Amino acid sequence: MLFRFDDFEVDQEKFELRRNGEPQHIEPQTFDFLYFLIRNADRVVTREEIIEEVWQGRIVSDTTISSCVKSARKILGDDGEHQKYIKTTRGRGFQFVGNVDTENKREGKNFSDTIRKPTSHLTKQIAIYLSIAALVFVIGLMLFNRYQSSPTTFTSSNSDAPKRVTDEYTIAVMPFVDLSAGGNQEYFGDGISEEVLNVLTSVDQLNVISRTTAFSFKGQNLSVPEIAKRLNVNYIVEGSVRSAGNRIRISAQLVDTRSDSQLWSQNYDRELDDIFAIQDDISQQIAAALKVELIGGSIGRAAPTDNMEAYALYLQGHQIFLNRGTLGVANNIANIERAIGLLQQAVALDDQFAEAWADLATSYIVMPSYYDRNYSSARVVPLATDAADRAIRINPQLSQAWAVKSLVYLSHLDFERSEQAIIRATDLNPNNATAWLWQGLHFAAVGNQGKAIEAISRAIELAPSVPINHSALGMLLHARGQLNEALPSMDRAINDLGFEAGRIDRALVAIWRDNRDQALDHMVRFLKNYDQISDQELKAKVNTYIDAYYDSNLRADAAKLLMADMKKGIDTTFGLYMLQDAKIFIDDFENTFANKGFILSRIYNPIARPLFKQEMFRDYLIRIGLLDYWQKNSFPYFCRPSGENDFECYMD
C-alpha cells in the first residue's frame, strides 16, 4: 500500500517514508504509528488502538506514546503547535489530517473497513497536589504568553519546514532552597522541584534540563546568568520552601535568563495535610496554557499516597538516594542505608505506596556495587525482588520497578528475562536515565557493545552530569577497540565528575599502551577507597599484579595476593585482568558480592581476550547460558559459532 501527501510517500511494502523520492530515517515504531494513523485518516484513533497496533497490547506509558507522536511530527516538519499533519483531539486520541492520496481511494475502496470500532478512552487521572500544579500552571501560562507573542521564524536551509519555536524554550528547574527555621526541609524543596520538572517534561513545547544536571549546581551560589550559560537555557525556575507547624510556604519565580529579568513570582501558603488536594480542572488549565499533548485529558498523575507522614519519609529517602554519589564510598553506603530505613518506614505506614516500594528496591539492588560484604547480592537480591514485585503489583507501569527486575534477572544470569524487563522499563519511561544506563550494562554483559553504547549514550543525553554514564561509555568504547573515543569519556568521569571507580578502566588503557607508571598511579588512587594499607604497600601490591601481566612466571605470587583480597572483599577487578587465569576468574565470579551481570560486562575488554582462548573459560560461559543467548540473538563482534554447541573468538 502506498500513501502520498505533499512531498511525502509512505510505502508499506518497502517499509519506507520518502520525501521528494528520498528515503528518510525513521524508527520502526514511529513508522508503524504513522502508517496506522494514515490508514485511518478518516477518523480519530484512540490510545488503546495505538497501543494494540504499535506495541501489540503491551503496557506502555503516556510518555512513550507522546515521544512517538513527537518523533513522527518531527520527521514530517510538524509540531504540537501547528499540527499540520497529526492532530491531537483532547481526551480522545489522534488523527492524521493531511491530504492523503492512495491507490485504494482511486479504486473507490474504504481502506478503514477492516479496522475495529474505537474503544472507550481512559478516565481522567487525579492530578498531583495543589501547590505544585498551581505553580506549574502559572509557569506554563507565562511561557505560553511569551510563546504567543514571539514571531515564528523560518530557516534558510534547503528544507522548507519551519524552525520549531520550541527550540527557544529551554528551561531548568533548580532545587528549591530550604528556608525553614530548623533547616530540615531540604528534601521537601527537592521533591517539589522534581515534581515541577516532571510535569514540565511532558510539555511538547518545552525542552527541560534533566534533574541530575540541574541539581548538580546545588549549593554553588552561582548567579542565574552563570547557571543559564552553563546549562544553555533561556528560562529558569527557582524558589524556596519554609515550614512552620502544619503550614508550608512555597515561593517560586520564573526568570528570563537572557535579560536576567523576573517574569513572574508567587507565594503559596498551604496546609501540609492538603498537599495532594487538587482538582482535575487545574490540569486542564495547564494543558490549555501550554498546549500539551494530552492522552486521557489530564497532565497530572494520581497522588502516590494519601498518608502525609509516609510521603514525607519517602521524599527524604528518595532525595538521599539520588544524592548518594556525591561522597566517598563509606559515606555513600551510609547514605543508602539511611534511605533504606526511611523508605521502609514509608511502606510500613502505607503498604500500597508503589513509588516507595520501587525506590526501596532500587536502594537494595545498588548496594553490592560498593563491594561491602554486608550487602552481597545473595543477601539483597531477594529483598530487592520482593520490593520490586510489590511495586509492580500496585502499579504495573512503574518504569523503575521494571529496571530493578532487570538487574535481579541479570544477577541470576537470566539474560532473556533481564532484556525483556529493561526494555519494558525504557518503554514505560523513555526519560528514565537510570533505566537506560542499566539497559546499557545488560547489553554489555551479553557482549553486544553496539546496543550497549546506544543505550548509554541515551542515558548521557538525559543525565550528562552522572559520572558512571561517561565511565561506562568509555569502558564499552575500549571494548570495541575505539581507544581514542574512549579516553575523553573516561577522563570526564574521573577528572570532571570525580568518579574514582573509573580509574580501573583508565588503568587498563594504560596497560594496553604499556604505560605501567600511569596504571600504577590510577590503581593506587582507586584502592585507597577500599584497602586500609599504606601507599607504599598499595604500590607493591599493584606492581605485583602488573609484573604478573608482563611475565607469566611471576603469576604464582600475584595469585596468592589476589586470593587474599578476595577473602577480604576488596575489589579484585584489576588483579583478575592481570592474571588472565580462567580458574581464578571463575572462583571469584562464583563467590563475588557484586552483581554478576556487571562483572560479565568487563570480560570483553581487549586485555581479557586471552581468557576466551582457555577451554575452561569457554565451557563456563556455555554453562551459564551465554552461548544459548548468543545463538538466539547475536555473538560478540570478535566471536562466532563453532559447530552446534561451541564458539570461537579471535584476538584483536
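The values are calculated or read from the model by the stated rules, or taken from the named source; none is laboratory data. Everything numeric here is computed off the predicted structure, so don't read it as measured data. As a convention, Cβ positions derive from the backbone with ideal geometry for all residues, glycine included, and neighbour counts pool all protein chains shown. These area figures cover heavy atoms from the full protein model, side chains too; ligands, DNA and RNA do not enter into them. Shrake-Rupley method; radii C 1.70, N 1.55, O 1.52, S 1.80 Å.
Within the stretch 628-643, one or more residues are on the phi > 0 side of the Ramachandran plot, open to solvent by 50 Å² or more (accessible area, probe 1.4 Å) and of a type outside the set (S, T, N, Q). Taking the criterion of being under 26 Å from Cys649 (Cα atoms) and either in a helix (DSSP H, G or I) or touching a Ser or Thr at 6+ places or on another chain (Cβ under 9 Å) (or both), the residues of the stretch 480-489 that qualify are Leu483, Asn484, Glu485, Ala486, Leu487. Considering each residue of the stretch 390-401 in turn, none proves to be among the aliphatic types (A, V, I, L, M), open to solvent by 40 Å² or more (accessible area, probe 1.4 Å) and closer than 14 Å to Gln439 by Cα. Looking at (1) open to solvent by 20 Å² or more (accessible area, probe 1.4 Å); (2) in contact (Cβ under 8 Å) with a residue 12 or more places away in the chain; (3) over 29 Å from the mean Cα position of the chain (by Cα), which is the only condition Ala582 fails? With (1) open to solvent by 20 Å² or more (accessible area, probe 1.4 Å); (2) in contact (Cβ under 8 Å) with a residue 12 or more places away in the chain; (3) over 29 Å from the mean Cα position of the chain (by Cα) applied to Ala582, the lone miss is (1).
Being assigned to a loop (DSSP other than H, G, I, E, B) and open to solvent by 30 Å² or more (accessible area, probe 1.4 Å) is the filter; apply it to the stretch 65-103 and report the residue that is nearest to Ala41 (Cα to Cα). Filtering the stretch 65-103 for residues that are assigned to a loop (DSSP other than H, G, I, E, B) and open to solvent by 30 Å² or more (accessible area, probe 1.4 Å), the one nearest to Ala41 (Cα to Cα) comes out as Val97.
Got a sec? Which of Leu527, Leu554 is open to solvent by less than 60 Å² (accessible area, probe 1.4 Å) and not small (Gly, Ala, Ser)? Explain how you work it out, then say what you get.
Working: Leu554 fails: open to solvent by less than 60 Å² (accessible area, probe 1.4 Å).
That would be Leu527, the only listed residue that is open to solvent by less than 60 Å² (accessible area, probe 1.4 Å) and not small (Gly, Ala, Ser).
If only residues of the stretch 552-578 that are among the hydroxyl-bearing types (Ser, Thr, Tyr) and within 35 Å of the chain's Cα centre (by Cα) are counted, the one that is nearest to Glu537 (Cα to Cα) is Thr572.
Number of residues in the stretch 425-480 that are without any contact (Cβ under 8 Å) to a residue 12 or more places away in the chain and on the phi > 0 side of the Ramachandran plot: the value is 0. Out of the residues in the stretch 566-575 that are open to solvent by less than 30 Å² (accessible area, probe 1.4 Å) and touching a residue at least 24 places away in the same chain (Cβ under 8 Å), state the one that is nearest to Ser377 (Cα to Cα). For the stretch 566-575, the residue satisfying everything is Gly569.
Assessment of the stretch 284-302 against the conditions (at pLDDT 55 or above and either closer than 28 Å to Gln397 by Cβ or assigned to a strand (DSSP E or B) (or both)) yields at least one matching residue.
Every residue in the stretch 356-379 that is over 22 Å from Tyr409 (Cβ atoms), in a helix (DSSP H, G or I) and either open to solvent by 20 Å² or more (accessible area, probe 1.4 Å) or acidic (Asp, Glu) (or both), please. Don't jump to the end; show me each part of the working.
Start the filter on the stretch 356-379 by keeping residues that are over 22 Å from Tyr409 (Cβ atoms), which leaves 356, 372-374.
Next cut, in a helix (DSSP H, G or I) only: 356, 373-374.
Residues satisfying the conditions are Arg373, Asn374.
Can you find even one residue in the stretch 501-519 that is open to solvent by 20 Å² or more (accessible area, probe 1.4 Å), small (Gly, Ala, Ser) and within 29 Å of the chain's Cα centre (by Cα)?
Step one: of the stretch 501-519, the residues open to solvent by 20 Å² or more (accessible area, probe 1.4 Å) are 501, 506, 512-518.
Keeping just the survivors that are small (Gly, Ala, Ser) gives 501.
The next check asks that each one be within 29 Å of the chain's Cα centre (by Cα); those that pass are 501.
Scanning the stretch 501-519 turns up at least one residue that is open to solvent by 20 Å² or more (accessible area, probe 1.4 Å), small (Gly, Ala, Ser) and within 29 Å of the chain's Cα centre (by Cα).
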